[in-house]
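Only the coordinates and a few stated rules stand behind these numbers; no lab work does. All of these numbers come straight from a predicted model, not from anything done at the bench. Using ideal geometry, Cβ is built from the backbone for each residue, glycine included, and neighbour counts are taken over all protein chains shown.
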2 protein chains.
Amino acid sequence: MYALIMAGGSGTRLWPYSREARPKQFLGFLSERTMLQEACQRIASLIPDDQIFVVISETYTDVVRQQIPQVPAANIIGEPEGHGTAPCIGLSALYLRRLDPEAVMAVLTADHYIEKADELRHALGAAAQVAEEGHLVTLGIQPDRPATGYGYIERGEKLARVNGHDVYQVEKFTEKPDLVTAQAFVESGRYYWNSGMFIWKVSTIWREFEKLMPQFYTQLMEIDAALGTAEERATLERVWPRVENETIDYGIMERAEDVAVIPVDIGWSDVGSWATLLELLPADGEGNVVVGQHVGLDTTGCLIHGSRRLVTTVGLEGMIVVDTEDALLVCPKERAQEVRDLVEKLKESGREEYL
Amino acid sequence: MYALIMAGGSGTRLWPYSREARPKQFLGFLSERTMLQEACQRIASLIPDDQIFVVISETYTDVVRQQIPQVPAANIIGEPEGHGTAPCIGLSALYLRRLDPEAVMAVLTADHYIEKADELRHALGAAAQVAEEGHLVTLGIQPDRPATGYGYIERGEKLARVNGHDVYQVEKFTEKPDLVTAQAFVESGRYYWNSGMFIWKVSTIWREFEKLMPQFYTQLMEIDAALGTAEERATLERVWPRVENETIDYGIMERAEDVAVIPVDIGWSDVGSWATLLELLPADGEGNVVVGQHVGLDTTGCLIHGSRRLVTTVGLEGMIVVDTEDALLVCPKERAQEVRDLVEKLKESGREEYL
């Protein structure tokens with residue numbers, strides 16, 4: 001089995017710690033290791049380092065090589081520019097197809113938190129067996145609340161039970177439902193969050209690209225023809241800007257006929273905002289999550305993410321305070337999603353130096 | 001008339017901007033000038049620079065000389081250590097007595113805001129006339145709310161009207177009343193806040209020290225005997241540590257027989273906390289007072305006091321955010337008084353570097 005770690009994403013809602021130059025996946029929020037290093041570490045006992053591939057915008061390939069030196073430099077695939085997850089996965093599949101078209105590849109993410117790495121590895125083993133039979137497999141997260149920010153997967157009939165994991169036919173994908181719909185989904189017990197983790201044979205996904213995204217498939221074949229020749233770079237640079245933006249969910253998963261879902265209980269979180277980190281990280285006796293130096297009076301349920309400066313607070317509840325060398329954020333946890341809008345405002349007001 | 005500007009005080013509640021090494025009075029909160037410079041500036045047209053004296057802990061005499069170079073260096077009186085306003089004023093009176101025992105001295109403060117400097121000067125002129133007749137005179141601030149943090153002065157019979165100013169006998173001083181008492185005081189219309197500004201002849205206050213604080217008076221005479229001799233410094237260093245702590249209010253004003261109060265409308269504020277500054281400083285269209293760089297979303301009625309860092313906020317109302325090079329404070333305006341307790345906590349936890 002090969003792993004393809006998608007290391008894109010901007011982590012905008014984790015500004016000002018996460019920045020364009022060092023987004024979320026290259027930072028350590030939850031351990032000494034960065035999220036990318038964690039993503040590699042948690043599959044290390046399942047997949048050899050030289051079978052781990054990482055796909056990332058070209059801008060960051062050097063950072064990736066520095067962060068995970070155990071992965072061969074040639075396995076770091078740089079996209080000239082990002083066009084969504086479908087092109088990103090297609091380009092990577094093209095490289096893997098050269099190595100072994102019948103291999104199973106597990107598409108994983110670098111910017112999510114997974115508490116139970118052993119459960120993940122176990123599920124990946126089962127998923128690989130299902131993928132061997134030609135299915136597109138996705139890992140579904142048991143929802144614990146009616147989140148409206150995720151995609152949901154409805155399960156259909158049960159296909160099998162593999163190594164203790166139930167495997168279901170996927171009935172339907174639904175992108176970010178409204179709250180009422182999300183509540184109904186969660187209550188039904190038949191819906192899972194789309195984790196963004198997929199397992200399939202390289203040849204299976206390759207056929208799906210041919211069938212469901214024919215224009216992109218033609219572009220991929222054009223690049224494939226130039227691979228390993230003097231024209232490789234020029235071809236990529238000519239073709240890639242014309243590739244259409246598409247997510248793997250919409251481009252392939254929602255339209256493919258044979259998709260299976262394996263529900264997993266792996267302690268998953270997308271670490272989507274500072275409020276999520278406040279939930280994930282261990283709190284002190286007053287319910288505060290503190291990174292750095294903090295002195296508080298009557299301060300409870302706060303996330304204090306400092307740098308070298310001393311952060312002091314009086315009479316705060318459920319507040320997020322993030323301090324960095326050049327910028328500071330103060331925001332109630334309920335408004336943590338709006339950090340994205342704040343960053344947008346910074347962009348609009350021309351404060352590029354803070355992005 | 002001589003001015004004696006008391007430049008002590010710690011400004012603890014304005015931490016982390018105000019620090020032990022550069023307390024409130026040496027900082028500019030409300031204008032380009034520091035509060036001490038403002039204190040000198042506002043009496044400049046009434047009292048010549050060489051008749052302005054400043055009394056301050058010895059630690060700060062150099063800072064004072066740098067900030068107000070127009071005042072002769074010899075006019076900066078350094079206390080070896082602070083023992084409250086009574087010893088501070090007594091020591092200063094000792095120096096002024098050498099110059100002119102029959103002169104009027106106006107005791108003023110360096111850490112208060114006075115919006116209407118012309119009104120103050122006018123009142124000081126009237127007060128000087130009253131002081132010439134041997135009264136101890138205090139300026140009373142018309143209270144606009146039942147503040148519990150100030151001393152109150154109850155007026156008695158009307159003594160005179162001087163240059164448009166009513167002059168009353170003082171009936172009683174009351175230190176920091178409880179809220180119910182303060183409300184009754186304000187409603188009665190007969191109470192004023194103790195501004196800490198006093199006007200009297202040097203000889204008058206000298207006699208009061210002799211009468212009401214005889215032990216301190218003896219100590220003052222001991223210092224006086226050594227003044228201008230080789231023993232001056234040694235005497236001060238021997239005597240001063242044994243001087244008892246006392247405020248001028250309790251030591252003299254509350255117990256003196258002949259005290260007059262002149263009510264003044266000078267736009268006075270003790271600039272006691274960040275919440276006061278939020279009220280005093282001009283706000284932008286969203287009711288925010290911003291010093292430095294701020295980008296906010298749905299942020300209203302906040303005080304943002306930054307340094308070189310960008311301060312960003314989402315969904316805040318009535319919050320105080322003070323950012324300095326090495327420390328940061330976040331606190332709702334209603335809790336601004338507790339910054340003092342926070343500083344106490346810093347002291348107790350041995351974080352001397354932030355005091």
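Can you give me the relative contact order of chain B as a percent, contacts being Cα pairs under 8 Å and 6 or more apart?
Relative contact order, chain B: 19 percent.
Based solely on its DSSP helices, what 222 nm [θ] is calculated for chain A when runs of n ≥ 4 H residues each add -39,500 (n - 2.57) and the sum is averaged over all residues, nearest 500 deg cm²/dmol?
Here the helix-only value at 222 nm equals -8500 deg cm²/dmol.
Any idea which of A:Val239, A:Cys88, A:Val321 is furthest toward the positive side of the dipole for chain A, if Lys and Arg beta-carbons carry +1 and Asp and Glu beta-carbons -1?
Selected residue: A:Val321.
By the scheme Lys and Arg +1, Asp and Glu -1, what is the net charge of all other residues having a beta-carbon under 11 Å from that of B:Pro146?
On the way: positive: B:Arg145; negative: B:Asp144, B:Asp178, B:Glu187.
Around B:Pro146, the charge tally is -2.
Tell me the distances, shortest first, between A:Lys176 and the same position across the other copies, using label points 7 Å along Cα→Cβ, in nm to one decimal.
The answer, with the shortest distance listed first, is 5.3 nm.
Any idea what the relative contact order of segment A:26-171 is, in percent, if you count C-alpha pairs under 8 Å spaced at least 6 apart?
Computed over segment A:26-171, the figure is 18 percent.
What is the sum of charges, Lys and Arg at +1 and Asp and Glu at -1, for the other residues whose Cβ falls under 12 Å from the Cβ of B:Lys116?
In short, -2.
Can you tell me the Rg and Dmax of segment A:1-152, counting just the alpha carbons, in angstroms?
Answer for segment A:1-152, Rg first and Dmax second: 15.3, 45 Å.
Only loop residues by DSSP count here, and only those with at most 16 other Cβ atoms within 10 Å; note down the GluC sites (Glu not before Pro) in segment B:255-295 that meet that.
Counting only loop positions with at most 16 other Cβ atoms within 10 Å, the GluC sites (Glu not before Pro) in segment B:255-295 are B:Glu257, B:Glu286.
Can you sort B:Met221, B:Met6, A:Met1 so the residue with the fewest Cβ neighbours within 10 Å comes first? Don't skip to the answer; put the middle values down first.
On the way: B:Met221 13, B:Met6 24, A:Met1 18.
Going from sparsest to densest Cβ surroundings: B:Met221, A:Met1, B:Met6.
For the protein assembly as shown, state what percent of all Cα-Cα pairs lands in each successive 10 Å bin, counting from 0 Å until the bin that includes the largest distance.
Histogramming the protein assembly as shown at 10 Å steps yields 3, 13, 18, 17, 13, 10, 8, 8, 7, 4, 1 percent.
Mean-square fluctuation check for chain B, GNM, Cα pairs under 10 Å: which of B:Pro282, B:Pro263, B:Pro80 is largest?
Answer for the Gaussian network model of chain B: B:Pro282.
What three numbers, in Å, describe the spread of the alpha carbons of segment A:129-241 along their principal axes, ordered from the longest?
56, 33, 20
Taking the alpha carbon gyration tensor of chain B, what are the square roots of 5 times its eigenvalues, largest first, to the nearest whole Å?
35, 25, 19
Is the C-alpha gyration tensor of segment A:274-354 telling us rounded, prolate or oblate? Criteria: a/c under 1.5 is rounded; beyond that, a/b larger than b/c is prolate, otherwise oblate.
It is prolate, given that a/c is not under 1.5 and a/b is the larger ratio.
Using a Gaussian network for chain B with springs between C-alpha atoms less than 10 Å apart, which of these wobbles most: B:Glu254, B:Glu175, B:Glu133?
Of the options given, B:Glu133 has the highest mean-square fluctuation.
Give the nm distances, rounded to one decimal, from B:Pro143 to the matching residue in every other copy, measuring between label points 7 Å along Cα toward the beta carbon; shortest first.
Here B:Pro143 shows inter-copy label distances of 5.9 nm.
How large is ³J(HN,Hα) for each residue in segment A:215-223, as worked out from phi by the Karplus curve 6.51 cos²θ - 1.76 cosθ + 1.60 (θ = phi - 60°), to whole Hz, x for Gly and Pro?
Working through the residues one at a time gives 5, 5, 4, 4, 5, 4, 5, 5, 5 Hz.
Spelling out what I want: for every residue of segment B:172-185, take phi, set θ = phi - 60°, compute 6.51 cos²θ - 1.76 cosθ + 1.60 (Karplus), and round to whole Hz; glycine and proline get x.
Result, rounded to whole Hz: 6, 9, 10, 6, 4, x, 6, 5, 4, 4, 4, 4, 4, 4.
Among A:Gly228, A:Gly196, A:Gly140, determine the one that fluctuates most according to a GNM of chain A built with springs between C-alpha atoms less than 10 Å apart.
For chain A, modelled as a Gaussian network with Cα springs under 10 Å, the answer is A:Gly228.
Show the residues, 5+ positions off or on another chain, whose built amide H is closer than 5 Å to the amide H of A:Tyr2.
Result for A:Tyr2 returns A:Val104, A:Met105, A:Ala106.
If you take every DSSP beta bridge fully contained in segment B:2-269, what fraction is antiparallel? Give it as a percent rounded to 5.
The antiparallel proportion sits near 55 percent.
Between copies, how far apart are the A:Glu20 label points? List them in nm, one decimal, shortest first, with each point 7 Å from Cα toward Cβ, please?
4.4
Take peptide A:313-322, look around each residue's Cβ out to 10 angstrom, count Cβ atoms belonging to other protein chains, and average those counts.
Working: counts 7, 15, 10, 5, 1, 0, 4, 1, 3, 1.
Mean shielding by partner chains, rounded to a whole number: 5.
By count of other Cβ within 10 Å, fewest leading, how are A:Ile223, B:Ile262 ordered?
Details: A:Ile223 20, B:Ile262 24.
Fewest-to-most Cβ neighbours within 10 Å comes out as A:Ile223, B:Ile262.
Got a sec to turn the phi values of segment A:343-350 into Karplus ³J(HN,Hα) couplings, 6.51 cos²θ - 1.76 cosθ + 1.60 with θ = phi - 60°, whole Hz, x for Gly and Pro?
4, 4, 5, 4, 4, 4, 8, x
If you rotate chain A onto chain B, whose Cβ in A ends up lying nearest the axis, and how many Å away is it?
A:Val330, 3
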